[in-house]
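The values are calculated or read from the model by the stated rules, or taken from the named source; none is laboratory data. Predicted model only: the values in this text are computed from it and were never measured. FYI the Cβ positions are ideal-geometry reconstructions off the backbone, even for glycines, and counts take in every protein chain you see. The area values use the complete protein model at the heavy-atom level, side chains included, leaving out ligands, DNA and RNA. Shrake-Rupley method; radii C 1.70, N 1.55, O 1.52, S 1.80 Å.
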Amino acid sequence: MTIERPNSYRSGPDGKGHFGIFGGRYVAETLMPLILEVERAYDAAKADPAYQAELDDYLKHYVGRPSPLYFASRLTEHLGGAKIYFKRDELNHTGAHKINNCMGQILLARRMGKKRIIAETGAGQHGVATATVCALFGLDCVVYMGATDIERQAPNVFRMKLLGAEVRPVTSGTATLKDAMNEALRDWVANVDDTYYLIGTVAGPHPYPAMVRDFQKVIGEEVREQMLAAEGRLPDTLVACIGGGSNAIGLFHDFLDEDSIDIIGVEAAGHGIETGEHAASLTGGRPGVLHGNRTFLLQDGDGQILDAHSISAGLDYPGIGPEHSWLHESGRVNYVSVTDAEALEAFQLCSRLEGIIPALEPAHALCHVARIAPELPGDHLLVMNMCGRGDKDVFTVAEALGVQL
Amino acid sequence: MSAQTSAPTSGRIEARFAALAEEGRAAFIPFIMAADPTVESTLDILKGLPAAGADIIELGVIFSDPMADGPAIQAAGLRAKAGGATVRQTLEIVRQFRTDDDATPIILMGYYNPIYIYGVDAFLADARQAGVDGLIVVDLPPEEDSELCLPALAAGMHFVRLATPTTDDKRLPAVLEHTSGFLYYVSIAGITGTASATQDAIGAAVARLKNHTDLPVAVGFGIKTPEQAAAVAQVADAAVVGSAIVQLIADNLDDNGQPAADLVDTVLDFARALAAGVHGARQQAAE
């Protein structure tokens, strides 16, 4: 299904938070006034040069932006086709792109006078980034994390605790990211006065999908400048992995209106789409309403949400940001999928060839790069978002490879 | 200020509140989850509730991700899901109930996605035909009225809106604009089955709501005992009890999660005690 091409792919959402039919604000009445307050506060902050200046200052001196755009020459040579560049967002403080968003939201929460921050986390990267900015500003921090994820991401759990956060295990449902998000919403409903919910991806009720995108789009804006400096022109293809989709929209957004650029999002196919055990909401799901927005969801015929599966905890979510659903339906972005096993291969390839141990999330993107690069000409410029480093995943990978640590 | 439906409603909710007003007493509204743990036990409890003093019944529609519910109702949903509960089956339960009872209003309570996937128009037609009188859909605020609220009203289905402690005077008119049947006041900022508000706080909140609407105001969340239900009934038009009943169901299952022999009687006894609290409340207050 292709919808009529809009004048711009970068003008969404509308005033009510809709990207086409996706997005919106599907939350309990208790939360509506809070969400409207976040929207008002964010609109005011956006219009305040002092807010942007403060954010820019922290991004430069604390986060370490801009992150480099690196020409992966050995991988390029190995694959024998397109010139492959990595956007090195894994070099940010805390090791992933998540901190870009956390920095923006924590400054907003401070403007709103909130004293207590809650967050959900899957792989733990967003939890670590949230705990980090809370430590930086002396705010109370509670992170909800599925019990399953706590087990497979032990290093990040300990990091959050070192940073002074309380990590609350979630045992309901499948004890992964979606359940952590349910629990965070329940906490917020019960602590409306002093608490700010720092959502980690481009999902949730409006204004979160748009706001988180705004904080991540710096990735693509930097790539534009850096690629012009390196090659004198814009890239030809962009590739990023997608769970909720924040690193991907961060890379894509600035380029959405450049028709000549191929944009590819890579979902997690888990054990394979055909097995039903995957996390590819666009490839294997249908539109529904969950966690405050309408988007593509993995669900059964009765509207019950299904459990996602991915070796990567950060992609293990049955939904996807509403803007991606819209970009999928409009046909502007091409969404593909990569299995656990394929991602593991790419993980090892990158480690050996480039001396970069990628997180399992961007290893999915890397796998697709390895699929398409050999077919592309040598002057084709391909940018992949290396959105996280793999230190957190070494235990998972060792187990998958049958190595005893 | 209450919304006008375009198709005629079933009239059961209006008739019930009119009769209660005549008698000068508040309504007792129990909540149970459909098919928790079986269709049969749900039907047995449903059929016994009116005689036990239920004036209106809320029937929960399962959803895998009940964001506004506490542990008791989450667990009820999981039990129902384990038994294979579906939306279609929930409507069938209502249809069965209606073969014996054409007076007690039934409100379905749940979340939007299962209805959205069923198809809004098909759902409204099937629910109406099964004998459902109204809907409470937790994750549809007035901002999303065009999804289900307006189609429901057009189909003669009451759409009971939730007001909460965070709904301020500025926002209240928007919340009330399309609510129909009655208004449900969520007495705490929180999830079901956790904290309880004081009678004073509830009384003040209901008084504020009554300044803005002529609709009956029901109060729920955190009402667990006959005493609490009585206290609420003194200041509101109805008291809703959910988690405490659902927990009682959980406590009366055998090791296989099937209904223990006295499950239905135990639940109905508790309902009777709650109803007595609600129905005696104003008499007691007057004495």
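The table that follows gives values for the structure above.
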item	result
Chain B, helix-only ellipticity at 222 nm - DSSP H runs n ≥ 4, -39,500 (n - 2.57), divided by all residues, nearest 500	-14500 deg cm²/dmol
Residue-by-residue Karplus 3J(HN,Hα) for region A:321-332, coefficients 6.51, -1.76, 1.60, Hz, glycine and proline x	x, x, 5, 5, 4, 5, 5, 5, 5, 7, x, 5
Alpha-carbon spread of the protein assembly as shown, three principal axes, descending order, Å	87, 53, 50
Probe 1.4 Å - accessible area at A:Leu251, Å² to nearest ten	0
Size of the B/A contact, given as accessible area buried on both chains, probe 1.4 Å, in Å²	2900
Members of region B:81-114 that become less accessible by 40 Å² or more once partner protein chains are added (1.4 angstrom probe, chain alone as reference)	B:Asn113
Nearest-20 debye value, region B:12-281 charge dipole, Cβ charges on Lys, Arg, Asp, Glu	260
Accessible surface, the protein assembly as shown, averaged per residue in Å² (probe 1.4 Å)	34
Any cysteine of the protein assembly as shown lacking a neighbouring Cys Cβ under 4.7 Å - listed by number	A:Cys102, A:Cys241, A:Cys350, A:Cys367, A:Cys387, B:Cys149
Accessible-area ranking of A:Ser337, A:Ser246, largest first, probe 1.4 Å	A:Ser337, A:Ser246
Largest to smallest accessible area among A:Trp326, A:Trp188 [probe 1.4 Å]	A:Trp326, A:Trp188
Carbon and sulfur %, accessible surface of the protein assembly as shown computed with the full protein complex present, 1.4 Å	51
At least 20 Å² accessible surface lost relative to isolated chain, residues of region A:18-52 (1.4 Å probe)	A:Arg25, A:Tyr26, A:Val27, A:Ala28, A:Glu29, A:Thr30, A:Met32, A:Pro33, A:Leu36
Region A:62-118: Rg to Rh, with Rh as the Kirkwood radius over Cα pairs	1.24
Out-of-range pairs (alpha-carbon distance over 27 Å; input A:Lys114/A:Lys217; A:Lys98/A:Lys161; A:Lys217/A:Lys392; A:Lys98/B:Lys81)	A:Lys98/B:Lys81
Gap separating the Cα centres of region A:36-70 and region A:95-147, nearest whole Å	15
Listing of region B:179-210 residues, each with accessible area lower by at least 20 Å² in the full protein assembly than in the chain alone (probe 1.4 Å)	B:Ala189, B:Gly190, B:Ile191
Within-11-Å neighbourhood charge of A:Met181 [Cβ basis; K, R +1; D, E -1]	-3
Cα centroid of region B:6-76 to Cα centroid of region B:191-250, whole Å	14
Förster radius 41 Å - calculated FRET efficiency between A:Lys161 and A:Leu228 (Cβ-Cβ, nearest 0.05)	0.45
Cubic angstrom per residue, convex hull over Cα atoms of chain A	134
Spherically averaged projected area in nm², based on the convex hull that wraps the Cα atoms of region B:12-281	12.5
Mean Cα-pair separation over length for chain B, i.e. relative contact order, pairs under 8 Å, 6 or more apart, %	25
Share, in percent, of DSSP beta bridges within the protein assembly as shown that are antiparallel, nearest 5	20
